[in-house]
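J.: My structure is below; once you've seen it, I'll send some questions.
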Amino acid sequence: MIIAKIVGSNSHIDYVARVVDELDAAEAPALGDHRFGQFVGLDVAGSTVVGVIYNSLLINPEYANYGPRLSPRPALEEFTPDYISEQGILLGIMLLGTLNGGPQAEHEIPATVVPAGTDVLKLSGDDVKAFHADESGGLRLHYFSQVMSHAGPFALPLLRSIAKAVSDGLRETDRERLDVLTASLTWQSTFGQTRL
């Protein structure tokens, strides 16, 4: 399912996408389809670049428009069919790696630049599992340091959200490792900023 289209970037791994609406697709995505921590895929050069939604921004150019309105919004759409709402949602997407159909996904900065207009797809649960599996079926989170250094104030909540998303169906040893990581992140977010 297409949830957004790439409209710009802030860096090689930090992209901005605009959520599609009724003008872009037959069915607009539900709010839960572009939530914080949602894994997404972008088809680039025959590979699926994997990213995660880590930020959002509402755009509403009409907010500061205090001029007189000749008609209410429903009437505007009826009398001026070319009227386009410029309100929307922008998503911050951090790239984490690549699913290239091989035995193991790559957890490193993708070499390719994602072009503007690229569709942002909601990644299926099977693809999320495949992206996080090592050659023996265990859990991999090799992008951990990348998230810590690039997500800013959203890093700890994002990593907790990722841990929750990948926890289903794990082996006992992987679940224990993930529990330790989650406890450490919780401690760090609770006490890490405290100065004595």
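The values are calculated or read from the model by the stated rules, or taken from the named source; none is laboratory data. Note that the coordinates shown come from a computational prediction; the quantities given were computed from them, not determined experimentally. Here the Cβ positions follow ideal geometry from the backbone for every residue, glycine too, while neighbour counts run over all protein chains shown.
Per-residue answers, yes or no, for (1) in contact with a Gly (Cβ under 7 Å, 6 or more places away or on another chain); (2) more than 21 Å from Pro110 (Cβ to Cβ); (3) without any contact (Cβ under 8 Å) to a residue 60 or more places away in the chain:
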site: Ile6; (1), (2), (3): yes, no, no
site: Ser9; (1), (2), (3): no, no, no
site: Val20; (1), (2), (3): no, yes, yes
site: Ala26; (1), (2), (3): no, yes, yes
site: Ala30; (1), (2), (3): no, yes, yes
site: Asp33; (1), (2), (3): no, yes, no
site: Gln38; (1), (2), (3): no, no, no
site: Leu58; (1), (2), (3): no, yes, yes
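J.: When the residues of region 39-54 are narrowed to those that are at pLDDT 95 or above and touching a helix residue (DSSP H, G or I) at 6+ places or on another chain (Cβ under 8 Å), which ends up farthest from Asn100 (Cα to Cα)?
T.: At the first step, the residues of region 39-54 found to be at pLDDT 95 or above are 39-42, 49-54.
Add one more test, that the residue is touching a helix residue (DSSP H, G or I) at 6+ places or on another chain (Cβ under 8 Å), and what stays is 39, 41, 50, 52-54.
Working: Phe39: 16, Gly41: 11, Val50: 10, Val52: 17, Ile53: 20, Tyr54: 23 Å.
Within region 39-54, the match that is farthest from Asn100 (Cα to Cα) is Tyr54.
J.: Within region 165-196, how many residues turn out to be surrounded by 12 or more Cβ atoms within 10 Å (Cβ to Cβ) and either under 19 Å from Met148 (Cα atoms) or at pLDDT below 85 (or both)?
T.: If we filter region 165-196 for residues that are surrounded by 12 or more Cβ atoms within 10 Å (Cβ to Cβ), which is where we start, we get 165-167, 170-171, 174-175, 177-179, 181-182, 184-186, 188-189.
Still in the running and either under 19 Å from Met148 (Cα atoms) or at pLDDT below 85 (or both): 165-166, 170, 177-179, 181-182, 184-186, 188-189.
Qualifying residue count, region 165-196: 13.
J.: Give the residues of region 87-108 that are surrounded by fewer than 17 Cβ atoms within 10 Å (Cβ to Cβ) and more than 15 Å from Arg18 (Cβ to Cβ), sorted by residue number.
T.: Asn100, Gly101, Gly102, Pro103, Gln104, Glu108
J.: Also, quick follow-up: So, in region 166-178, exactly how many residues are over 21 Å from Ile109 (Cβ atoms) and within 19 Å of the chain's Cα centre (by Cα)?
T.: 1
J.: Related question: Would region 20-27 turn up any residue that is among the hydrophobic types (A, V, I, L, M, F, W, C), at pLDDT 95 or above and within 15 Å of the chain's Cα centre (by Cα)?
T.: No, region 20-27 contains no residue that is among the hydrophobic types (A, V, I, L, M, F, W, C), at pLDDT 95 or above and within 15 Å of the chain's Cα centre (by Cα).
J.: Hey, can you tell me all the residues within region 89-104 that are under 18 Å from the mean Cα position of the chain (by Cα) and not β-branched (Val, Ile, Thr)?
T.: The answer is Leu90, Leu91, Gly92, Met94, Leu95, Leu96, Gly97, Leu99.
J.: Hey, another quick one. Among the listed residues Ser124, Ser136, identify the single one that is farther than 24 Å from Met1 by Cα, among the polar types (S, T, N, Q) and surrounded by fewer than 15 Cβ atoms within 10 Å (Cβ to Cβ).
T.: Testing whether each residue is farther than 24 Å from Met1 by Cα, among the polar types (S, T, N, Q) and surrounded by fewer than 15 Cβ atoms within 10 Å (Cβ to Cβ) leaves just Ser136.
J.: Please return the ranges of helices (runs of 4 or more DSSP H) entirely within region 80-196 where 1 or more residues are touching a residue at least 24 places away in the same chain (Cβ under 8 Å) and over 28 Å from Gly32 (Cβ atoms).
T.: Qualifying helices (runs of 4 or more DSSP H): 172-191.
J.: Then there's this: Under the condition of being more than 14 Å from Val120 (Cα to Cα) and of a type in the set (A, V, I, L, M, F, W, C), which residue from region 31-51 is surrounded by the fewest Cβ atoms within 10 Å (Cβ to Cβ)?
T.: By that ranking, first place goes to Leu31.
J.: Could you check how many residues of region 108-154 are closer than 21 Å to Asp174 by Cβ, touching a helix residue (DSSP H, G or I) at 6+ places or on another chain (Cβ under 6 Å) and hydrophobic (A, V, I, L, M, F, W, C)?
T.: Matching residues across region 108-154 total 3.
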